[in-house]
Each structure stands twice: as C-alpha cells, then as structure tokens.
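Handing you this structure, nothing more for now.
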Amino acid sequence: MIFTETKLTGAFVIELERRGDDRGFFARTFCTNEFSEAGLVTNFVQVNNSLSAKVGTLRGMHYQLTPHAETKIVRCIKGALCDVILDIRPESETFGQHFKIELTADNRTMLYVPKGFAHGFVTLTADTEAFYFVDEFYAPDAERGIRWNDPEFAIEWPVEPSEISEKDAAHPDFDPIIHLSKPL
C-alpha cells in the first residue's frame with residue numbers, strides 16, 4: 001500500500017500496490033504491519049457498508065465525541081463518491097480545513113480518517129456503495145453532526161446534494177459548545 005498524507009495532519013490517502021498479470025491483479029487492502037509502520041490505527045472493531053441508490057445522496061458530516069471518537073478507513077466498492085473530511089480538532093493547525101477526494105470502485109483508493117474529523121460524502125453515480133472500517137463501536141450519545149453546507153467551512157460539493165436524510169438536514173452549523181462538548 002502507498003500511504004500519502006493529506007494537507008490535514010494524520011489523514012491519509014491509501015492507494016493499492018497492485019501486482020498483476022493477464023489474469024488481473026492482487027493487492028492488499030489492509031495489513032497490520034504496514035499500517036503500524038505508517039503510524040496508523042490497526043485495531044478495527046466494526047465494518048460498515050452503505051448503499052445510496054441515487055446520484056446526489058449526501059451522508060454527513062458525522063463524527064463521535066471522545067472517548068468514542070472514531071478512526072475510519074473508507075473505500076467505495078461500487079460506483080463513485082466524493083468523500084469529504086473536516087478537521088474539528090481545536091488544537092490542530094488545520095482546524096476548520098477540509099479535504100475531499102473522489103473514491104470510486106475503479107480507482108480502489110481509500111481514505112484514512114483519524115479521530116477528530118467530521119466525515120461525509122455525496123454520491124456521484126447511482127447505486128454507490130461505501131465500505132468502511134471503524135475502530136470504535138457506535139455510541140448514540142456521543143454522535144454529532146455538522147451541517148453539510150455550513151458557510152464557515154465553505155465545502156464545495158461537486159454535485160448539489162439532492163437526497164439528504166432528515167437527521168443530516170437538521171445538523172446545525174458548527175458551534176464549539178454543541179459540537180465539542182462531552183455527552184450528558
């Protein structure tokens with residue numbers, strides 16, 4: 001695997017190192033040793049799969065508070081999506097900055113999202129599936145979300161989101177009191 005750090009400290013684009021011949025190719029998508037050597041989390045407790053039927057389906061911007069904050073590895077296994085992460089670590093030099101990347105079934109690229117980031121994506125094709133590993137169990141009381149079009153962060157989505165859940169549409173603009181406070 002090829003690990004390339006993004007402009008946001010601790011977030012990585014992961015590309016496969018393919019070994020192939022006329023039959024196709026073989027590539028590792030996860031290796032504890034390689035992730036550990038890159039200084040990345042290696043213990044994942046849950047694997048999630050989402051299917052979005054329509055182009056323009058938005059999921060995000062989600063995260064969980066400490067001590068349930070999640071590290072994620074995201075990959076598109078069918079179709080295409082624009083994946084976006086937002087650094088919401090108050091002590092970070094890149095606080096408030098975002099990074100986006102097109103993940104597709106064809107490019108097989110993955111995104112490593114460390115704790116302290118909000119995460120979301122919009123689908124670029126119909127019937128898009130995302131597959132992601134997380135290192136913490138889902139904790140409803142620690143779940144938070146930031147409005148996908150919060151003007152504070154000025155995320156430019158490649159397509160106008162047209163399918164948004166009521167829950168995601170109701171996320172407020174960023175407010176440190178709401179978004180960074182511990183659950184009651």
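Return the only residue of Met61, Met110 being at pLDDT 95 or above and over 27 Å from Glu17 (Cα atoms).
Residue meeting the stated conditions: Met61.
Consider Phe99 carefully, then state whether it is modelled with pLDDT of 95 or more, closer than 18 Å to His171 by Cα and assigned to a strand (DSSP E or B).
Criteria not met by Phe99.
Scan region 159-184 residue by residue and report those that are in a loop (DSSP other than H, G, I, E, B), touching a Leu at 6+ places or on another chain (Cβ under 7 Å) and at pLDDT 95 or above.
Scanning region 159-184 gives Val159, Pro161.
In region 28-72, how many are surrounded by fewer than 16 Cβ atoms within 10 Å (Cβ to Cβ), farther than 21 Å from Val134 by Cα and not charged (D, E, K, R)?
So the answer is 1.
Looking at (1) over 19 Å from Phe121 (Cα atoms); (2) buried (at least 19 other Cβ atoms within 10 Å of the Cβ); (3) β-branched (Val, Ile, Thr), find the lone condition where Thr4 falls short.
Single failed check for Thr4: (2).
Then there is this: Looking for whichever is touching a residue at least 12 places away in the same chain (Cβ under 8 Å), over 30 Å from Ala169 (Cβ atoms) and among the aromatic types (Phe, Trp, Tyr) here; the options are Phe26, Phe30. Which one fits?
Phe30
Next up: Looking at (1) more than 25 Å from Phe137 (Cβ to Cβ); (2) within 12 Å of the chain's Cα centre (by Cα); (3) not basic (Lys, Arg), which one does Ala11 not meet, given that it meets all the others?
That leaves (1) as the condition not met.
Condition check ((1) surrounded by fewer than 20 Cβ atoms within 10 Å (Cβ to Cβ); (2) under 16 Å from Val41 (Cβ atoms)) across all residues:
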position: Gly79; (1), (2): no, no
position: Ile85; (1), (2): no, yes
position: Pro90; (1), (2): yes, no
position: Thr94; (1), (2): yes, no
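Quickly run through region 125-164 and pick out the residues that are of a type in the set (Gly, Ala, Ser) and exposed (fewer than 12 other Cβ atoms within 10 Å of the Cβ).
Correct list: Ala154 only.
Residues are listed down the side, and each one gets a yes or a no for (1) touching a Ser or Thr at 6+ places or on another chain (Cβ under 6 Å); (2) outside any loop (DSSP other than H, G, I, E, B):
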| site | (1), (2) |
| --- | --- |
| Glu91 | no, no |
| Leu103 | yes, yes |
| Val122 | no, yes |
| Glu136 | no, no |
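Oh, and also: When residues of region 39-54 are filtered for being among the aliphatic types (A, V, I, L, M) and closer than 16 Å to Ser165 by Cβ, how many remain?
Residues in region 39-54 being among the aliphatic types (A, V, I, L, M) and closer than 16 Å to Ser165 by Cβ: 2 in total.
When you look at Glu136, is it touching a strand residue (DSSP E or B) at 6+ places or on another chain (Cβ under 9 Å) and closer than 16 Å to Asn48 by Cβ, yes or no?
So Glu136 fits the description; yes.
The values are calculated or read from the model by the stated rules, or taken from the named source; none is laboratory data. Predicted model, so just to flag it, every value in this text is computed and none were measured. FYI the Cβ positions are ideal-geometry reconstructions off the backbone, even for glycines, and counts take in every protein chain you see.
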